[in-house]
Amino acid sequence: MVSRVIPVAPFDLVLFGATGDLARRKILPGLFHRFEVGQFPSEARIIGSARSAMTPDEFRAQVQAAIREFTPDTPTRGTVLEQFLHCLDYVAVDARGDAGWAELAGRMRPDVVRAFYLSVAPSLFAGIARQLEHHGMATADARIVVEKPFGRDLETARELNASLRSFFQEHQIYRIDHYLGKETVQNLMALRFANSLFEPLWNSTHVDHVQITVAESLGIEGREAYYDQSGAMRDMVQNHLVQLLCLTAMEPPSKFTPNAVRDEKVKVIEALDPVEPSDIARGQYRADKGGDGYLDHVGDPQSRTESFIAIKVRIANWRWAGVPFYLRTGKRLRARVSEIVVQFRDPPHTIFPNVGPVHGNRLIIRLQPDEGITLRTTIKDPGPGGFRLAEVPLDMSFAEALGADSRPQDAYERLVMDVIRGDQTLFMRGDEVEAAWAWADTIIEGWERSRDQPYPYDQGSSGPEEALMLMHRDGRRWRQIGG
Ligand code: NAP
């Protein structure tokens, strides 16, 4: 299967924070790949910006090094890379001052798509938006892209929304949650709404429960200060896991337009029941022979911030009444895995004698490592030795399905091109972010009030015992991380 490339119109993309980690690792290599496959023309321009003074040529040399470092499997394609580097420019600005802004405004062309990507600390968003407006760059069709985290609670998210909306309208604001750019996440929508097989079963009559896991094997290295102020709930659940929950649980939108899709997601968040403290298990990885624990990493023996959380969530609507959604995410776990597991109910009656219980089907939607979808199905164990049953996977790996020559797109590649196309479907709307914070805030306030201490867990494990108990006491089990 060959993926089709639909070229976008010429654009000026100003990348604030162009010398930072995210720009070097993801955004600039992603833009190079899109250029390489012919998605945008050589008339497009990417204007890097940061405080550091440097010439456009010095910036190009930095980008070239980043592309070589972060796409090492890419053969050296000198000419294409050189053509891409020609699209780059650089203007130094200080988001907190006036230096550089007039020069940046002078570089913008009036007749092409105009986008500003704020890959900088959120404390700089409002200042940059104000300068863009002040220097006449925030034109009516300009787009502004902001990175996570979008606030640290409802109040700060509202403030951020208000300051962005002073200069840009909602249809111009692209709030990134890169999980939404993942191939499998969009395939979840295709699976549900482009097939007639699954949707009739996608409800409490047939689904026993849903598990959503985002597990990381790494710790919090390099982000200690930020992470200790945030924790797994703010860093992962309020955004990525809630987004996955919404796409799994939402009603079919009447059409595939940004607002129709986002309206349905907001309804899911608004239908979330308050979470009981007994339905939450927070954890912190402990020190072991192999290394320091969370408390050593953040340098605060009193820290009560969670590096792991498991929550049982209920959606109070007709479709999902009585179907728990179990969410878990954490650091230093046994493997790096992101997946959604839809567990269907057991068959109501077994006709096969002496085969033991027959289990319900399980649909596994894998976001990482290898993106793909697996349906666990029961078949007859092959062979003449009597009638036995075996569970086998019906597998669809996207890498295989798309063919050896086709490299799956990184989420950032897709999302940046969507910005240029003006398609907000895979970006969070302001009210959606606020609804997710309103829900998360009540949970966080609960444990802050009770001064709960997270449970310690072993590095390389599946999290604290209490997280396992969250399911065991319901007579269910987590799918093994990396299983
Ligand atoms: P970073 O490595 O610290 O880079 C920050 C960038 O901002 C640098 O280019 C820096 O360049 C520039 N900058 C800092 N102060 C500035 C100012 N006053 N005016 C103009 N430019 C300024 O940060 P990052 O990791 O790339 O993260 C950027 C954003 O993406 C953050 O919001 C982060 O939360 C988000 N994010 C990052 C990741 C990731 O994997 N890194 C993942 C998800 C989200 P100068 O010092 O030269 O000014």
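Which residue, of Ala53, Ala95, is over 28 Å from the mean Cα position of the chain (by Cα) and either of a type in the set (Asp, Glu) or farther than 24 Å from Val5 by Cβ (or both)?
Ala53
Could you list, in sequence order, all residues of the stretch 357-367 that are in contact (Cβ under 8 Å) with a residue 12 or more places away in the chain and open to solvent by 20 Å² or more (accessible area, probe 1.4 Å)?
Within the stretch 357-367, Val358, His359, Asn361, Arg362, Arg366 meet the criteria.
Which residue pairs have Cβ atoms under 6 Å apart, sit 6 or more places apart or on different chains, and have a first residue in the stretch 452-464 that is within 15 Å of Arg328 (Cα to Cα) and touching a residue at least 12 places away in the same chain (Cβ under 8 Å) and a second that is aromatic (Phe, Trp, Tyr) and surrounded by fewer than 16 Cβ atoms within 10 Å (Cβ to Cβ)?
Note: no pairs meet the criteria.
For Ala61, are the conditions met, namely being within 16 Å of the ligand (Cβ to nearest atom) and open to solvent by 50 Å² or more (accessible area, probe 1.4 Å)?
yes
Among the candidates Arg332, Arg319, single out the residue that is in contact (Cβ under 8 Å) with a residue 60 or more places away in the chain, open to solvent by 30 Å² or more (accessible area, probe 1.4 Å), farther than 27 Å from Tyr227 by Cβ and of a type in the set (D, E, K, R).
Arg319
List the pairs whose first member sits in the stretch 33-45 and is of a type in the set (Gly, Ala, Ser), whose second member is open to solvent by 20 Å² or more (accessible area, probe 1.4 Å), and whose Cβ atoms are under 7 Å apart, counting only residues at least 6 apart or on separate chains?
Qualifying pairs under 7 Å: Gly38/Val5; Gly38/Pro7; Ser42/Gln83; Ser42/His86; Ala44/Pro10.
Can you name the residue in the stretch 301-329 that is assigned to a strand (DSSP E or B) and basic (Lys, Arg) and is also farthest from Pro277 (Cα to Cα) among such residues?
Arg328
Among the residues that make up the stretch 64-76, is at least one of them without any contact (Cβ under 8 Å) to a residue 60 or more places away in the chain, small (Gly, Ala, Ser) and within 16 Å of the ligand (Cβ to nearest atom)?
Yes, the stretch 64-76 contains at least one residue that is without any contact (Cβ under 8 Å) to a residue 60 or more places away in the chain, small (Gly, Ala, Ser) and within 16 Å of the ligand (Cβ to nearest atom).
Could you list, in sequence order, the residues of the stretch 268-295 that are basic (Lys, Arg) and without any contact (Cβ under 8 Å) to a residue 12 or more places away in the chain?
Selection gives Lys289 alone.
Is there a residue being in contact (Cβ under 8 Å) with a residue 24 or more places away in the chain and not in a helix (DSSP H, G or I) anywhere in the stretch 235-252?
Within the stretch 235-252, one or more residues are in contact (Cβ under 8 Å) with a residue 24 or more places away in the chain and not in a helix (DSSP H, G or I).
For the stretch 95-113, state whether one or more residues are over 24 Å from Met54 (Cβ atoms), β-branched (Val, Ile, Thr), within 16 Å of the ligand (Cβ to nearest atom) and open to solvent by 20 Å² or more (accessible area, probe 1.4 Å).
no
State all residues of the stretch 97-113 that are of a type in the set (A, V, I, L, M, F, W, C) and either at pLDDT 95 or above or part of a helix (DSSP H, G or I) (or both); if no residue qualifies, say none.
Correct list: Trp101, Ala102, Leu104, Ala105, Met108, Val112, Val113.
How many residues does the stretch 114-145 hold that are surrounded by 19 or more Cβ atoms within 10 Å (Cβ to Cβ) and part of a helix (DSSP H, G or I)?
So the answer is 5.
Out of the stretch 133-189, which residues are modelled with pLDDT of 95 or more, more than 18 Å from Ala95 (Cα to Cα) and β-branched (Val, Ile, Thr)?
Listed by number, the residues that qualify are Thr139, Thr156, Ile173, Ile176.
Please go through (1) at pLDDT 95 or above; (2) within 27 Å of Ile364 (Cα to Cα); (3) open to solvent by 30 Å² or more (accessible area, probe 1.4 Å) for Val242 and return the number of the only condition it doesn't satisfy.
Just one mismatch for Val242, condition (3).
Name the residue, out of Thr79, Thr71, that is open to solvent by 70 Å² or more (accessible area, probe 1.4 Å), on the phi < 0 side of the Ramachandran plot and of a type in the set (Ser, Thr, Tyr).
Of Thr79, Thr71, the one residue that is open to solvent by 70 Å² or more (accessible area, probe 1.4 Å), on the phi < 0 side of the Ramachandran plot and of a type in the set (Ser, Thr, Tyr) is Thr79.
Lys148 fails exactly one of the following numbered conditions: (1) more than 16 Å from the ligand (Cβ to nearest atom); (2) part of a loop (DSSP other than H, G, I, E, B); (3) under 25 Å from the mean Cα position of the chain (by Cα). What is the number of that condition?
Lys148 satisfies every listed condition except (1).
Test Arg282 against the criterion of being more than 23 Å from Arg366 (Cβ to Cβ) and open to solvent by 10 Å² or more (accessible area, probe 1.4 Å), and give yes or no.
It is true that Arg282 is more than 23 Å from Arg366 (Cβ to Cβ) and open to solvent by 10 Å² or more (accessible area, probe 1.4 Å).
Tell me which of these Arg376 doesn't satisfy, since it passes every other one: (1) in contact (Cβ under 8 Å) with a residue 24 or more places away in the chain; (2) buried (at least 18 other Cβ atoms within 10 Å of the Cβ).
Of everything listed in (1) in contact (Cβ under 8 Å) with a residue 24 or more places away in the chain; (2) buried (at least 18 other Cβ atoms within 10 Å of the Cβ), Arg376 misses just condition (1).
Which ones in the stretch 146-162 are free of Cβ contacts under 8 Å to residues at least 60 places away in the same chain and either surrounded by 15 or more Cβ atoms within 10 Å (Cβ to Cβ) or in the same structural domain as Val120 (by TED's automatic domain parsing) (or both)?
Those that are free of Cβ contacts under 8 Å to residues at least 60 places away in the same chain and either surrounded by 15 or more Cβ atoms within 10 Å (Cβ to Cβ) or in the same structural domain as Val120 (by TED's automatic domain parsing) (or both): Val146, Leu160.
Select from the stretch 12-53 the residues that are among the aromatic types (Phe, Trp, Tyr) and surrounded by 23 or more Cβ atoms within 10 Å (Cβ to Cβ) and write down the one among them that is nearest to the ligand (Cβ to nearest atom).
Phe16
The values are calculated or read from the model by the stated rules, or taken from the named source; none is laboratory data. Note that the coordinates shown come from a computational prediction; the quantities given were computed from them, not determined experimentally. Because the Cβ atoms are built from the backbone with ideal geometry, glycine has one as well, and the counts that use them run over all protein chains shown. The area values use the complete protein model at the heavy-atom level, side chains included, leaving out ligands, DNA and RNA. Shrake-Rupley method; radii C 1.70, N 1.55, O 1.52, S 1.80 Å.
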